[in-house]
1. Do the sum for chain B: with -39,500 (n - 2.57) for every DSSP H run of n ≥ 4, divided by all residues, what is the mean residue ellipticity at 222 nm, to the nearest 500 deg cm²/dmol?
2. Using Cα pairs closer than 8 Å and at least 6 residues apart in sequence, work out the relative contact order for chain B, in percent.
3. Among B:115, A:30, B:61, what is the fewest-to-most ranking by other Cβ atoms within 10 Å?
4. I want the antiparallel fraction of DSSP beta bridges within the protein assembly as shown, as a percent rounded to 5.
5. Which of A:51, A:91, A:29 ends up with the largest GNM mean-square fluctuation for chain A, with Cα atoms connected below 10 Å?
6. Treating the angle as unsigned and between 0 and 90°, give the value, to the nearest 10°, between the Cα long axis of helix A:46-60 and the longest Cα principal axis of chain A.
7. At a threshold of 8 angstrom on Cα-Cα distance, excluding pairs fewer than six apart, so keeping six or more, what relative contact order does chain A reach in percent?
8. Using only the alpha-carbon atoms, how far is helix A:5-14 inclined from the longest principal axis of chain A? Give it as 0 to 90 degrees, nearest 10.
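What follows draws every value from the coordinates through simple rules; no lab data is involved. Note that the structure is predicted; figures quoted are calculated from it, not measured. Please note: Cβ atoms are built from the backbone with ideal geometry, for glycine as well, and neighbour counts cover all protein chains shown.
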């Protein structure tokens, strides 16, 4: 039953670079759009708020797969320009998850106590300085856990790139392996799931580390449970919660 | 008893002129007029909800007046001159006026994402344009004044309430303000930490010529720190007198009632 395992694993792993590039690219674009969109949602200018709201609702409220087809199949008809499949995928993943992320950023910024704004105003800091130096560093601590969720969802969404011919892990399985090793269909899909699981655990490990660093930065010790878990994942020097 | 400041010669540092402030239908300050001379220490007392803290928040431009004007150092807080016309103050103008005013809050409002040093040098560097070295020297000097020299690289969250409030006082002083607003600065502290913070404020009052406006429930402190005490009730000044008069022979029944209630508590 496991005779074909090495072949199956190696064919699936051929799709790994595409999956990883789509994930990392999608996350990078998501972060940029989340902060841009989230801060725009809080803008003092009505038109900016409205524009950000339209973006969030449009991309959060429509199907990701349909968005992908729009960018890959419909846009070329309209503007006569065909994006490379992988970059079309990164664009859709970023636009879609950035819409969710914008709400995460907005909520986290709003959760910073009003007293912090007032402390910053009393020191004559400009609105940009208040946001960048005082509010955002505190808000980031609140953003990290929901962003962890979002990034894992983004990773799993990369599977839809198989619809537009990107040879990522799912497409390798469905298009290459299933026709040739049909009798091993259970094994193929178990390995496929495991690949996504490992990637998801990696994302979580990185995010936990960032959570811990951010909590230390604002003088909050992470709970002992969180600390143990990060230490279990290895690679974190015992900093004692940053008591300096 | 501090020497009474001369109110006759100098331009007043703070002028309230017909100030009205309301939140919805609730009139917090009604037609308030008063002046504070440079270097004067004025304490605002009165029952909660009488508008004392609102006065400090208006001065810090954390709130806007509904009617009337406030001038600090000759500059209007709510309006500015633009091509000879009086227009609502923009953000840049507000920041310029605010530089002369410092505030210490009941809950300290230190920035937890910075160390004590970061809290002290952030605004001097970014707002006043001091170099890192200058700002650091100033921070060290002020921490020594407030008795926290060893804590410069601590996180504020690891300090006691009294220590945090000392840092907050040092942070306000690092901007070298002309006017310092103290908003119930000992109300959130454990009783045994109050005396130390008040002693520090007395020291600052004696060694600097900063104009200080103070809201407090510490009547002993109000008595020996202030040049003048203003008793508020329902957004109006009930009585305005030197502490020697107001605490020993209050003219108004309302003041007598309030003082009896406050002093009984102790």
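1. Values: 9 runs with 95 residues, N = 266.
Here the helix-only value at 222 nm equals -10500 deg cm²/dmol.
2. Values: 466 pairs, mean separation 67.3, N = 266.
Normalised by residue count, the contact order of chain B is 25 percent.
3. Numbers: B:115 19, A:30 27, B:61 22.
If I rank by nearby Cβ atoms, fewest first, I get B:115, B:61, A:30.
4. Working: 23 of 40 bridges.
In the protein assembly as shown, DSSP labels about 60 percent of beta bridges as antiparallel.
5. Evaluated over chain A, the most mobile residue of the options is A:51.
6. 30
7. It rounds to 25 percent for chain A.
8. Computed tilt is about 50 degrees.
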